[in-house]
1. Among 288-300, 211-223, what's the highest-first ranking by average C-beta atoms within 10 angstrom per residue?
2. Along its principal axes, what span do the Cα atoms of the range 89-217 show, with the longest given first and each in whole Å?
3. Computed on alpha carbon atoms, what radius of gyration and Dmax characterise the range 209-274, expressed in Å?
4. With no solvent and one point per C-alpha, what does the Debye sum give as log10 I(q)/I(0) for the range 125-318 at q = 0.11, 0.13, 0.15 Å⁻¹?
5. What ranking do 136-142, 86-92 get when scored by the average of other Cβ atoms within 10 Å per residue, highest first?
6. Compute the Kirkwood hydrodynamic radius of the range 238-324, taking the inverse of the mean of 1/r over all pairs of distinct Cα atoms, and give it in Å to one decimal.
Amino acid sequence: MDSRELPQYLEAVREALTLWKQMEKYFETDSKPRAGLGRSRSKSTGGTESAERKRRKPGGFPSKISHNRKGDAMHLKDVLDRYPGAPRAEQIRAIFEAALTEAERRKKEERAKVRGDLIKRNPSVSDVGKCQRAVYYSLRNVPPTNPPTPDSLMSFGLGHAAEDWLAGILETLGAEIEREVPVEIEHDGEKITGRIDLILHLRGVGMMELKTINSRAMGWMLKRNEPGRDEHRAQLNLYMHATGTAVAFLVYVVKDATKGEPFVFPFEVLYDQSKALEGLARLAELAKAARSEQDPGIPAGYTGKGYPCNYCPWWNACFPFDKG
């Protein structure tokens, strides 16, 4: 980008963020009235506004998603009731975004009931190969500066649904499958935990780590002749270390594959002990750093642009200026 275009670019980003923050106010749970997009209006019949509409601030999004009579946190019809005057298309979008956000909230609530809390106490196998600072923040339980947006929640949900659907199909056809197999590894006084996606007991196929991916990302991977992302291979290698497995498969499933094109890309992974021990040592070191509050800082070469920075929950913690 030409340096002369930078001020205009930053201004456009600020305007976009302002608009998004106005939309986010729709999902807030405090009781203060909020101004936002849309205009309230009287009923088309010409009658007076209902008492509920009179209580709303004109031109505002609802200050919170109301509770229905049964005490549930949200009912979808409440979204329409509390989002007056906006174009119907925006109301439909709000319904889906509210549903995704609420589903994520309830999932965390249920997880907290099972575990007692949502505090992360030790590294997970999936942390291997990730940004050292992101792992540090997760172990410090630092609140995300960039929590998942509705579109991210949609992508995550579709990915998990695709994995469950495929596993169900294999089981229907007679395959013996183990899903979400827990593992625990002790290294240098630290505990590292994880869950193996899928173990398929069918003529020795064995362990598989499933990853959903979009066609564009898969295309780039194939173009660069990569046998899977490094962090994914490192993750699978640790599962192999924990279970004494010599060979496993990293399987990418393209969730938006074009008709007639391949949608499953399996890559064989051979166990590498040296890399496994290297990864475990790194995770143990980060666990100790988190307890002593020794921030490892931004890794060399991380600029805040592209993968994985663009998907990081703590993006703004590292690059506050760039995000406005």
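1. With the highest mean Cβ count within 10 Å placed first, the list reads 211-223, 288-300.
2. 52, 43, 35
3. Just the Cα atoms of the range 209-274 yield Rg and Dmax of 12.7, 41 Å.
4. -0.56, -0.79, -1.06
5. 136-142, 86-92
6. Result for the range 238-324, one decimal place: 16.8 Å.
Where a number appears in this text, it was derived from the coordinates with a stated rule and is not lab data. Small disclaimer: the values here were computed from a predicted structure and weren't measured. Positions of Cβ are backbone-derived with ideal geometry, glycine not excepted, and every protein chain shown enters the neighbour counts.
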